[in-house]
Amino acid sequence: MKGNIFLVIILMLFLVLAVSADPSYEKSGTITISVADIGTTLSFKVINCTTCGFTSYYNEETTTTTTTLSNLTKDMSILNFPKKIEIVQGESKNITLNVKNTGDETLNNITFSVSGIDSSWYSVGNISVIYAGLTESTTLKITVPSVANLSIKDITITATSASKKTSTATTQLKILPNEDTKAMIRKLYNIYKAKLESLNQTINELASKGKNVRTVKQIFGEAESKLNLAKKNIDDNNYYDAYFNLMSAKDKIIELEKEIEGVRRTFAWWVYPIIGVIVLIVVFVIYLFLPEKEEEYEYVEEVSE
């Protein structure tokens, strides 16, 4: 009987503890997450404990939370940089460099380098800071020396941040003639025109002597065509193209002079048939004066029996 009373008391104690337990009790603590790879999806559990101290009354409620950790990127881009730049010899031009921070973090100390032209031809400022999503600007100044050759140069501009992120842009720099160069181009045209007229007279003289001037006339036509193009360019105030057409005409004039010199050293076309006839006559005469061969007889001595 006493044993039964003791068992009832123990059961009553358990009931009291169960009723008095706070069902909203949450156990708190610190969760430490070691991230091996940024960009990995992670899941973790928050555990609520409805009672503590008696394992028979312990229930585990879990809440799963999923999150994705991503990289904070650092990147940038040079925007709206012109594809072509034209500068006259001896002059300068300022070009705006717009750089946008296309990443998630601030970029610091952005510097610029230029390839394709001598470092003495340009100057460019730095950008101290560009915040995420914003665009900052600086100025690239290009100065072309007055003695620079007319040409088109391929240029690459590279922006580099302190974190070694880079962005590049390319353009073509066209160097145009100044007034002094234009005057020189007009002078060259007159020189080459006079030279070509003189060579044309020489060609006509060679033709009158029976020389074969077919190749010479072909080269002359090519030189004359380039010279005519240069004249049209000058009339259209396009001295850049005029210069290069004059250089092509110059090359053809040099080729023409060499070909004319070779024609001068040749005989007229009608001389070759005459030489051929003379050779035939000489061969025939030599043949006539060759001594005749004596007939050889074989002497056979008869032997009497």
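Can you pull out the trypsin sites (Lys or Arg not before Pro) in region 177-207 whose DSSP state is coil and whose Cβ has at most 12 other Cβ atoms within 10 Å?
Sites meeting the loop and neighbour criteria: none at all.
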Next item on the list: Just add up the charged neighbours of residue 166: K/R +1, D/E -1, any other residue whose Cβ is under 12 Å from the Cβ of residue 166.
Entry: +2
Notebook entry, point to check: How long is the gain from residue 187 to residue 254 if the chain were fully straight, where each residue apart is worth 0.36 nm and the alpha carbon distance is subtracted?
Noted result: 22.3 nm
Check: Stretched out fully, how many nm does the piece from residue 209 to residue 164 gain, at 0.36 nm a residue minus the Cα gap?
Finding: 8.6 nm
Next item on the list: Let me know the Rg and Dmax you get for region 179-264 when you use only its Cα atoms, in Å.
Entry: 13.9, 47
Notebook entry, point to check: Whole number please: convex hull volume per residue of the Cα set in region 76-176, in Å³?
Noted result: 77 Å³
Note to self: Give the lysines whose C-alpha is closer than 24 Å to that of residue 182, dropping any in the same chain fewer than 8 places away, or say none.
What the structure shows: 84, 93, 153, 174, 193, 195, 226, 231, 232, 250, 252
Next item on the list: Note down the relative contact order for region 84-132 as a percent, whole number, built from C-alpha pairs under 8 angstrom at least six residues apart.
Entry: 43 percent
Next item on the list: State the extension gain, in nm to one decimal, for the chain segment bounded by residue 105 and residue 282, taking 0.36 nm per residue of separation less the distance between their alpha-carbons.
Entry: 53.7 nm
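Would you please name the chymotrypsin sites (Phe, Trp or Tyr not before Pro) within region 89-170 that are DSSP coil residues with at most 12 other C-beta atoms within 10 Å of their C-beta?
131
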Notebook entry, point to check: What FRET efficiency would be calculated for the residue pair residue 80, residue 179, taking the C-beta separation as r and a Förster radius of 35 Å, to the nearest 0.05?
Noted result: 0.60
Margin query: Under 18 Å between alpha carbons, and skipping anything fewer than 8 positions from residue 165 in its own chain: which lysines qualify?
Written below: 74, 100
Notebook entry, point to check: Considering only 125, 167, 108, whose Cα is most displaced toward the positive end of the charge dipole of region 76-176, charges sitting on Cβ of Lys, Arg (+1) and Asp, Glu (-1)?
Noted result: 167
Notebook entry, point to check: Counting other C-beta atoms within 10 Å, which of 174, 164 has the fewest, and how do the rest follow?
Noted result: 164, 174
Checklist line | For region 166-224, radius of gyration divided by Kirkwood radius, i.e. Rg to Rh on alpha-carbons | finding: 1.36
Check: What's the FRET efficiency of residue 115 with residue 146 using the Cβ-Cβ distance as r and R₀ = 25 Å, to the nearest 0.05?
Finding: 0.65
Notebook entry, point to check: Non-local amide H neighbours of residue 178 (under 5 Å, H modeled in plane, Pro and chain starts lacking H): which ones?
Noted result: 89
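Bear in mind these aren't lab numbers, they're just calculated from the coordinates by the rules spelled out. In this text the structure is predicted, and so the values were computed from the model without any measurement. Ideal geometry is used to build each Cβ from the backbone, glycine not excepted, and the neighbour counts take in all protein chains shown.
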